[in-house]
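Here is the structure we will look at.
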Amino acid sequence: MSTVTSDQQQSLADVVVVDYGLGNLRSVTRGLERAGADVEITDDPEAFADADGVVLPGVGAFREGIENADPLREDLLEVADAGTPLFGICLGMQMLLTTSEEGANEGESAVQGLDLIPGTNVRFAEGQKVPHMGWNELSVERDHPLVEGVDGRYAYFVHSYYAVPDDEDATVATTDYEREFPAIVANEAGNVFGTQFHPEKSGETGLEILRNFVEICRDE
């Protein structure tokens, strides 16, 4: 895997986007740069340790994501333990949880997520159209710096599974697709969080989320 560094001038924070073979790396990087970050795409754990914040993107299946990222598991856990902001996007958010129905295929053992936000990811109910794809309204349920200024705004979702945290307080914002589910989750300490939607595809709402993330990184 290669390391790519942006040329952002007067950056507010140094952010690493984790390259584990999955994820919309370029789009996420462009969004973070617009939000004021200097961005490095890398799988180098030393870069994780030096960064003001770490982004775990992801597009694809839970099992593949966890298996690809497994060599970096301990390094990502160290990021969280150090109090560094760790931001999971879409599949990356689901990987922050403990397990997923998507990772428990018949005849295969369950795949263990990072378990930074205890819970599981479940498939939408039978009869619901999947993947859930489109723009949905965000409803902020509790305070967190990531959601400043986004209550009632719309974000872009593409997914077939959604998070069910063990602790209801882990839900920061919800949305509705024939049932209410978490759109944003965070751990108790507040430094590990994720969005089920794609901020890099969510227009001004997504840019506001990314700006909030960069501010969190700057303040750490």
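The values are calculated or read from the model by the stated rules, or taken from the named source; none is laboratory data. If you're wondering where the values come from, they're calculated on a predicted model, not measured in any experiment. Methodologically, a virtual Cβ is constructed for each residue, glycine included, from the backbone with ideal geometry; neighbour enumeration extends over all protein chains shown. Calculation scope for accessible area: heavy atoms of the full protein, side chains included, ligands and nucleic acids excluded. Shrake-Rupley method; radii C 1.70, N 1.55, O 1.52, S 1.80 Å.
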- [ ] Out of the residues in segment 42-63 that are open to solvent by less than 10 Å² (accessible area, probe 1.4 Å) and free of Cβ contacts under 8 Å to residues at least 40 places away in the same chain, state the one that is farthest from the chain's Cα centre (by Cα).
- [x] 48
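Every residue, every condition in (1) of a type in the set (Lys, Arg); (2) in contact (Cβ under 8 Å) with a residue 60 or more places away in the chain; (3) in a helix (DSSP H, G or I), yes or no:
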{"residue": "142", "(1), (2), (3)": "yes, no, no"}
{"residue": "173", "(1), (2), (3)": "no, no, no"}
{"residue": "194", "(1), (2), (3)": "no, yes, no"}
{"residue": "218", "(1), (2), (3)": "yes, yes, yes"}
Task: Odd one out for residue 152 among (1) open to solvent by 50 Å² or more (accessible area, probe 1.4 Å); (2) over 21 Å from residue 85 (Cα atoms) - done: (1)
TODO: Could you check residue 21 against (1) under 20 Å from residue 191 (Cα atoms); (2) within 16 Å of the chain's Cα centre (by Cα) and say which number it fails?
DONE: (1)
